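The values are calculated or read from the model by the stated rules, or taken from the named source; none is laboratory data. What you see is a predicted model; the values in this text were computed from it and never measured. Virtual Cβ from ideal backbone geometry, glycine too; neighbours counted across all protein chains shown.
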Amino acid sequence: MNSKINTIGVLTSGGDAPGMNAAIRAVVRTALDKGLRVKGIRRGYLGLLEEDIFDMQAKTVSDIIQRGGTILYTARCPEFKEVENQDKGAQILKKHGIDGLVVIGGDGSFRGAADLAKRGVNTVGVPGTIDLDIACTDYTIGFDTAVNTAMETIDRIRDTSTSHERCSIIEVMGRKAGHIALWSGIANGAEDILIKERRDEYDEQYIIEKINRRRETGKKHYIIINAEGIGESEAMAKRIEDATGMETRATIIGHAQRGGSPTARDRVYGTTMGAKAVDILLAGGTNCVVAYKSGEFISYDIAEALAMKKDVDQYMYDLSKRL
Ligand code: ADP
Ligand code: F6P
């Protein structure tokens, strides 16, 4: 056990994700169980710079494992990219006696954690984002819930789309990554899946011809899942309707995908990752992130993790085209 760690701080940063509360709860209760003090930092790096820091007890995290969002609130704080603010953040942590910090968020949040580590703060990142776009890990907190929410919503849209014999373009979240689109597209048996990573394969004329061919064979609906990274769903719907004569509606699911009660996977893996982060700090680890790789919870150095690249699964993508 790292005897230098007496107080652990925890914050959530970037976009929230269902399961973050489970991770916070695990951090707090694991640390308390090891005899440490725990301090919560509200609104990510913004709250750190504003010293919005409070003591957390076991009871502070009661009744939250089933709740979406984050009880610590979250924020985007571009000012934290400035070295003066990173210096200030490290000093504030020191002032509050925080010698180990758990940062729950995405790649941007991990960059902030690495900057604090350079200033002598022991930091561990926990991957939290609905987008699944953190290269070092096969799992990120919130993705499972978000995909299930998207899937259930698309099922509902499909019912009305079929009744009205329409084409539906459904836009799911993921500005930079198409994982939610690919998974929900496969789960819903969508006719087409459009993702930024394969933008060069997006051929609207081909889709129009396919819709016309399918209608001739009696098909009653046509579902296109469009990732936020491609966007422009309304304009696309108008063009497709004009070209095919098939009534076409666009639905942007939006932030509903970021909320709601986490799935069992997001609660259990979120809990495990939160606890692992504390274990790592106590074992003397710093400047690293927890990851789930090939069925195991492991950790990577932050720089190594951030240097990794991730693509959508090619087999899944090809499969979606074949079915
Ligand atoms: P995510 O953590 O989900 O990738 P963002 O990219 O919005 O989300 O980053 C979250 C926050 O992390 C930012 O608002 C900022 O406070 C901090 N951050 C992002 N990039 C850096 C960086 N290069 N250096 C320091 N802090 C950063
Ligand atoms: O957290 C990830 C994410 O939901 C992306 O899928 C999306 O592009 C972005 O955040 C939306 O951010 P905001 O909440 O600022 O609209």
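Give the residue that is farthest from ligand 2 (Cβ to nearest atom), with candidates limited to residues of segment 160-181 that are in a helix (DSSP H, G or I) and closer than 20 Å to residue 234 by Cα. Residue satisfying both the conditions and the ranking: 162. Number of residues in segment 274-323 that are assigned to a loop (DSSP other than H, G, I, E, B), buried (at least 19 other Cβ atoms within 10 Å of the Cβ) and of a type in the set (A, V, I, L, M, F, W, C): the value is 1. Just to be sure, is residue 46 surrounded by fewer than 24 Cβ atoms within 10 Å (Cβ to Cβ) and either assigned by TED's automatic domain parsing to the domain that holds residue 278 or in contact with a Pro (Cβ under 9 Å, 6 or more places away or on another chain) (or both)? Considered against the rule, which asks whether it is surrounded by fewer than 24 Cβ atoms within 10 Å (Cβ to Cβ) and either assigned by TED's automatic domain parsing to the domain that holds residue 278 or in contact with a Pro (Cβ under 9 Å, 6 or more places away or on another chain) (or both), residue 46 comes out as yes. Suppose the filter is of a type outside the set (A, V, I, L, M, F, W, C) and either crowded, with 20+ Cβ neighbours inside 10 Å or within 16 Å of ligand 2 (Cβ to nearest atom) (or both); does residue 60 pass it? So residue 60 fails the test. Filtering segment 250-303 to residues that are within 15 Å of the chain's Cα centre (by Cα) and among the charged types (D, E, K, R) leaves 258, 265, 266, 267. Residues in segment 214-247 that are polar (S, T, N, Q) and either under 33 Å from the mean Cα position of the chain (by Cα) or outside the structural domain of residue 184 (by TED's automatic domain parsing) (or both): 226, 233. Please go through segment 9-34 and pick out each residue that is within 16 Å of ligand 1 (Cβ to nearest atom) and either surrounded by fewer than 24 Cβ atoms within 10 Å (Cβ to Cβ) or hydroxyl-bearing (Ser, Thr, Tyr) (or both). Of everything in segment 9-34, those that are within 16 Å of ligand 1 (Cβ to nearest atom) and either surrounded by fewer than 24 Cβ atoms within 10 Å (Cβ to Cβ) or hydroxyl-bearing (Ser, Thr, Tyr) (or both) turn out to be 12, 13, 14, 15.
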